[in-house]
Each structure stands twice: as C-alpha cells, then as structure tokens.
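This report refers to the structure that appears directly beneath it.
The values are calculated or read from the model by the stated rules, or taken from the named source; none is laboratory data. Since this is a predicted model, take the numbers as computed values, not measurements. All Cβ positions, even for glycine, are placed from backbone atoms using ideal geometry, and neighbour counts span all protein chains on display.
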Amino acid sequence: MIFSTAAGIRGNPAHPTCPPKLLLCTDLDRTLIPNGAQPEHPDARACFREFCRRPEVTLVYVTGRHQALVREAIADYDLPTPAYLVADVGTRIYDLDHEPWTELTAWEAEIARDWRGTTHEELARALAPCAELQLQEQSKQAPFKLSYYLDLNCDRERVLGWVTQILRGLGVTASLVWSVDEPARIGLLDVLPARATKLHGIEFLRRHLHYARREVVFAGDSGNDLPVLAGPIPSVLVANADAEVKAQAQTLARRQGRRQTLYQAVDGPFPLGGNYAAGVLQGVWHFVPALRPFLQAIAPPS
Ligand SMILES: [Mg+2]
C-alpha cells in the first residue's frame, strides 16, 4: 500500500465521480521513455506496465515518432503495446488490435481537407528558399507532416512569420509546432494540417471510442504537447519537463481557464517520484480517484 503514503496528492475536485474506464494517452520521448537528463525511478516502468494490464485501462501512445520508431521504442524500453497509436505528431492514427497495424482512414480524410490538395512535395518546394529550415530525414516525414530542423540560435519568430506567409499564399491551413530536442540541442518544426494536432487526434479517438473527457488522461513533456496540456482534456505534465515548458503550460492553461485540467507532477510526495512513467501514474492518481486502489496495490519490487 505504498501509494497510501502519498500525502499532498489530492484528487481533482472538478472530476469527483468514479469513471469505470480510462483512455490513458501518453507521449513517448521524455514522458514515458526516460531519455532525458533526469533520472527515472527504477520501478516506475514496471509499475506502469502492471497498471496498464488493468481491464479498465485502454492505452494510447501519442507521439511525434512514426510507426517503425514506436515499435523500436516498445522493444528497447520494454513498454506495453498500446491499443491505439496517434503517430507522426497526430497526422496518423493506428488501431493496433491486429498485425499489421491498421491506419484509421477516417482521420486522414479529416485532416487532408486543411491542405486543399497541396502535396508534401509541393509544400517542401515552396518552403525551400528559407535557408534556416533544414528538412529532417525522409523517415521522419509523412504525407501530412513536413518536419524541419532549426538552429536554436536562429530568429525563430522571423522564420515562423515567413513560413506562415508562404502557407497563407498557398491557401493551406496549417499549424506550426515548435519543440526542442534537448539531447541534440536542436529545434524541431513540424508543419501540419491545422486539424492534425495531438489534441485533435486524441479528441477524434475519444469520440470514436465513446469516452467522455473525464475518462481520458493525457501525459506529456514538451512544446508539441502544449495544446493538449492547456486544453480541455485532463492532462499531466511530467516533473522532468523543462522549466520553460512548465511555465508556458501554466500560462496557457490559465489564459484558457483550464487550470483544473492541468496537473503538474512533482518529485516530492509520490512514492515513485514524478519523472517519466511515474509522472504519468501520478497524473492518473490525481484525476481518477476510482483507480487509486489499483495504484495502491502496485508495490515496487525492492
Ligand atoms: Mg516528449
């Protein structure tokens, strides 16, 4: 019953009911996968795996990774295989019930409208004159995702302004998602159909699977998670997230009146700490009181 010692972690008064099911949506890199600078509790992932075996839990990975890199992460980090995968920063959704994983074509049709028939190649050609934008490897591109590297020292506002103008001229409705690859110290810019955010992907899947918002918990750590973290879905920001992202998430959530649906995992009171998988579980503890007995029953091996 080690979780019963977690004094100071209290349930969200906005969600006092006991939902019988949970759509647990989590980012991978530096959220569930401990590939950041901070340490991971040695029992965190084993506890996460055990928790995800519960029949109440439907697990979804929501990630910038493409399918092959998700498979690699599952093998390398001994992660549970999820029921669904929102991949390529929300531009593809897969049902993982059977091999091969099946793409939800209804989602692709939904987001394709934003680009009004403009192809990936045509957009890349239009943005090529900007020297600061360096296209990422082919494996990181997708039909509805242009991914660029951007030096952290460049004038980001100027570049994003220029990209916005070009896209507007083409009649393309896009969202620009900026994040930082901390280990590599490089900026990442994704140009996506406006509807193809992680937030819209999760909302689409939630409706598709008939979950109420209070039956969903999202966990994330970085810039491309911010629209979800500051949105209407109960969300946890893991403790190992950057101070800048923590501040941005709090500011955005406050502005949008969403402070009740954003939880900042902390390193203190939770037995496993608040980094990575432990932070995800801490968020479940916070938002879903009905599942606390299962968390309490998970005793980390000594
Ligand atoms: Mg991440």
Taking the conditions exactly as written (farther than 26 Å from residue 288 by Cα and not acidic (Asp, Glu)), does residue 102 satisfy them or not?
yes
Is there a residue being at pLDDT 95 or above, touching a Gly at 6+ places or on another chain (Cβ under 6 Å) and assigned to a loop (DSSP other than H, G, I, E, B) anywhere in segment 43-64?
no
When only residues in segment 201-220 that are closer than 16 Å to residue 88 by Cα and small (Gly, Ala, Ser) count, which is farthest from the ligand (Cβ to nearest atom)?
201
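With closer than 27 Å to residue 110 by Cα and either of a type in the set (A, V, I, L, M, F, W, C) or in contact with a Leu (Cβ under 9 Å, 6 or more places away or on another chain) (or both) as the only criterion, which of 165, 141 stands out?
Exactly one of 165, 141 is closer than 27 Å to residue 110 by Cα and either of a type in the set (A, V, I, L, M, F, W, C) or in contact with a Leu (Cβ under 9 Å, 6 or more places away or on another chain) (or both), namely 141.
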From the set of residues in segment 221-248 that are away from the ligand (no atom under 13 Å from the Cβ), of a type outside the set (Lys, Arg) and in a helix (DSSP H, G or I), which is nearest to residue 194 (Cα to Cα)?
227
Just to be sure, is residue 69 buried (at least 16 other Cβ atoms within 10 Å of the Cβ) and either within 16 Å of the ligand (Cβ to nearest atom) or assigned to a loop (DSSP other than H, G, I, E, B) (or both)?
yes
Looking only at segment 139-150, decide whether some residue is of a type in the set (D, E, K, R) and out of contact with any strand residue (DSSP E or B) (no Cβ under 6 Å at 6 or more places or on another chain).
no
Could you list, in sequence order, the residues of segment 174-197 that are more than 17 Å from the chain's Cα centre (by Cα) and within 15 Å of the ligand (Cβ to nearest atom)?
183, 184, 186, 187
